[in-house]
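Take a look at the structure set out below.
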Amino acid sequence: MKKPKDILTTGFGAPVENDLNSQTAGPKGPVLMQDVHLLEKLAHFDRERIPERVVHAKGAGAHGYFEVTHDVSRYTRAKFLSEVGKKTEVFLRFSTVGGERGSADSERDPRGFALKFYTEEGIYDMVGNNTPIFFIRDPLKFPDFIHTQKRNPATNLKDPDMFWDFLSLTPESLHQVTILFSDRGTPRSYRTMNGYSSHTYMWYNQKGEYCWVKLHFKTLQGINNFTGEEADRMRGEDPDCVTRDLHAAIAKGDYPAWRLEIQIMTPEQAKSYRFDPFDLTKVWPHADFPPVEIGRLVLNRNPENYFAEVEQAAFSPANFVPGIGPSPDKMLQGRLFSYHDTHLHRLGPNYHLLPINAPKGAAMNSYQRDGFMRFDANGAGGPNYWPNSFGGAEPDAGVTPPPIDVAGMAARHAFVLGDVDFVQVGDLYARVMTDTDRDHLVRNIVGHLRNAQKRIQLRQTALFYKAHPEYGARVAKGLELDVKEVERLAKMSQEERVAATAK
Ligand code: NDP
């Protein structure tokens, strides 16, 4: 037998007597202004959409837990990492980056891997990607870069000229471009890809000793990707295939899991390391800094409401807990501002109070007050300023992070492009990739780059050639470019190459 339903009400709780017929003057209308239920219903519907995320608009999420499996208390004082066996509730949002909310899940794109830990010391967010690196290493370039991955301002179409023009003028992007155009750029499932902090972070212990760390969440389902052809087909067959896959797996109790490994670098090692440890276009090769297993992440509960839990979820790399802090990585420093800022725009100044974003099991005692949609007690009658002598919350000097030594001239310091920028790309192509990986990489690049102007094809292919001559030569052949010309361009400085391909 059906359970009797609660009575339908307006948004303000008054019972509604009829939800099928508007109030009208006679059976044929017109509609009466006094039908306040109709007016309220239409007005709310008119306001259902909030601003789409400017990046990472299409996403899927799930709840779960993180469990510490190895002792890391000598590296960090973070309480949620303090003992083996300790479990912390998490929420993970996966996403594509460049597409709109309705775009296809199998688009070639990095995938977001944003993880919220509800710790006893407040929210800790690790806002990562499925790639260990990124296209650029200075946040000043980020808005330009994203514009080129989105739509042409005149035609509103994706534009291969914009896409490759920017990348070929930004050679530090080559490492990420190579991962993006490998089959790792089209994961078959969010469950079958890794998640990386990408950035370097500071971890510090109770004694104030610190080290630099990178986090790698390695999938326990095994890496599994679409080929370029499969990804293209899935765009039409099932644009939501990856969202569907995650939901279906969790619904049937097949809970996806990841092993957390960290790489650790001491401040002394960082001073003289051959790669800049804070350059987001570089990894720390495993042979130099072997990954150490420290934990396990499991997703075991689907959201009950997409908008409340996934669309309103707001992550920020600025959400640290004692024991974890930022590094000098310039891209990270830019993100420390931008994520919080974009949520203020998207969700309003009190988005931290929304249930999906609020701490669980940790007190929230700030002096921030008021603002749109303040829907908690707003500090009630307590003091709203500090210092005060009315028993308000006090700062705790015991959680002060260690000081780090920085000095230098205030200036817009340029990164100087060097051969070091091509070493890791060549290594990935020649040593890590299999023959099949390389075949697919070249095919995927050729299929996309062939739509750009020839001068841009030449400039970009010269960069592939610089990373590894075979890589460049294979792309050149696929594009029917003159390999000798590509080789000549590869031997030039970036400035000369840009001048030679200006028209
Ligand atoms: P290793 O041989 O120790 O590790 C290679 C890494 O590459 C593995 O983590 C593997 O991930 C990953 N990998 C395999 N195929 C691809 C692909 N098509 N796209 C991206 N990553 C892939 O090598 P090194 O540590 O010396 O690094 C060599 C190169 O490997 C780097 O220059 C970088 O391009 C890439 N890489 C390195 C990582 C690092 O943190 N050191 C992380 C990821 C990539 P998995 O174990 O999941 O198969």
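Here are the numbers for the structure shown:
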read-out: Test: Ala313 is under 16 Å from the mean Cα position of the chain (by Cα), among the small types (Gly, Ala, Ser), at pLDDT 95 or above and closer than 23 Å to Thr76 by Cβ; value: no
read-out: Matching residues in the stretch 24-62 - criterion: being open to solvent by 70 Å² or more (accessible area, probe 1.4 Å), farther than 30 Å from Ser95 by Cα and in a loop (DSSP other than H, G, I, E, B); value: Pro27, Lys28, Pro30, Met33, Gln34
read-out: Any hit, the stretch 364-373, residues being within 28 Å of the chain's Cα centre (by Cα), at negative phi and among the basic types (Lys, Arg); value: no
read-out: Filter result for Gly228 (in the same structural domain as Ile324 (by TED's automatic domain parsing) and at positive phi); value: no
read-out: Condition broken by Arg346, with the remaining ones in (1) at pLDDT below 95; (2) surrounded by 14 or more Cβ atoms within 10 Å (Cβ to Cβ) satisfied; value: (1)
read-out: Residue in the stretch 329-349 that is in a loop (DSSP other than H, G, I, E, B) and aliphatic (A, V, I, L, M) present; value: no
read-out: Pair list, Cβ under 7 Å, 6 or more apart: the stretch 186-203 residue at negative phi, other residue polar (S, T, N, Q) and assigned to a strand (DSSP E or B); value: Thr186/Asn225; Pro187/Asn225; Arg188/Asn225; Arg191/Thr219; Thr192/Thr219; Met193/Thr219; Asn194/Thr219; Tyr196/Asn129
read-out: Among residues of the stretch 87-117, those that are open to solvent by 50 Å² or more (accessible area, probe 1.4 Å) and in contact with a strand residue (DSSP E or B) (Cβ under 6 Å, 6 or more places away or on another chain), counted; value: 3
read-out: Single residue of the stretch 132-154 satisfying the filter (surrounded by 16 or more Cβ atoms within 10 Å (Cβ to Cβ) and of a type in the set (Lys, Arg)) that is farthest from the ligand (Cβ to nearest atom); value: Lys150
read-out: Qualifying residues in the stretch 206-246 (those that are within 27 Å of Val442 (Cα to Cα) and open to solvent by 70 Å² or more (accessible area, probe 1.4 Å)) - the one farthest from the ligand (Cβ to nearest atom); value: Glu237
read-out: Members of the stretch 297-343 that are over 18 Å from Phe94 (Cβ atoms) and within 16 Å of the ligand (Cβ to nearest atom); value: Ser327, Asp329
read-out: Asp254 assigned to a loop (DSSP other than H, G, I, E, B), away from the ligand (no atom under 12 Å from the Cβ), without any contact (Cβ under 8 Å) to a residue 12 or more places away in the chain and farther than 25 Å from Thr88 by Cβ; value: no
read-out: Hits in the stretch 126-175 (condition: under 17 Å from Thr461 (Cα atoms) and aliphatic (A, V, I, L, M)); value: Met162, Leu167, Leu169, Leu174
read-out: Residue ID - surrounded by the fewest Cβ atoms within 10 Å (Cβ to Cβ), chosen from residues in the stretch 410-464 that are within 16 Å of the ligand (Cβ to nearest atom) and among the β-branched types (Val, Ile, Thr); value: Thr434
read-out: Neighbours by Cβ (under 7 Å, 6+ apart or cross-chain): first from the stretch 413-428, without any contact (Cβ under 8 Å) to a residue 60 or more places away in the chain; second more than 8 Å from the ligand (Cβ to nearest atom); value: Gly426/Ala467; Gly426/His468
read-out: Residues of the stretch 26-69 classified as among the aliphatic types (A, V, I, L, M) and within 25 Å of the chain's Cα centre (by Cα), total; value: 7
read-out: Residues (more than 16 Å from the ligand (Cβ to nearest atom) and either in contact with a strand residue (DSSP E or B) (Cβ under 7 Å, 6 or more places away or on another chain) or open to solvent by 10 Å² or more (accessible area, probe 1.4 Å) (or both)) located in the stretch 155-183; value: Thr155, Asn156, Leu157, Lys158, Asp159, Pro160, Asp161, Met162, Phe163, Asp165, Phe166, Leu169
read-out: Filter result (in a helix (DSSP H, G or I) and among the acidic types (Asp, Glu)) within the stretch 437-483; value: Asp437, Asp439, Glu470
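A quick yes/no check of all residues on (1) assigned to a loop (DSSP other than H, G, I, E, B); (2) open to solvent by less than 30 Å² (accessible area, probe 1.4 Å); (3) closer than 28 Å to Glu100 by Cα:
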| position | (1), (2), (3) |
| --- | --- |
| Ala248 | no, no, yes |
| Trp258 | no, yes, yes |
| Ile264 | no, no, no |
| Phe275 | yes, yes, no |
| Trp284 | yes, yes, no |
| Leu299 | no, yes, yes |
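The values are calculated or read from the model by the stated rules, or taken from the named source; none is laboratory data. Just so it is clear, the model here is predicted, and its values are computed rather than measured. Virtual Cβ from ideal backbone geometry, glycine too; neighbours counted across all protein chains shown. SASA here: full protein model, heavy atoms, side chains in, ligands and nucleic acids out. Shrake-Rupley method; radii C 1.70, N 1.55, O 1.52, S 1.80 Å.
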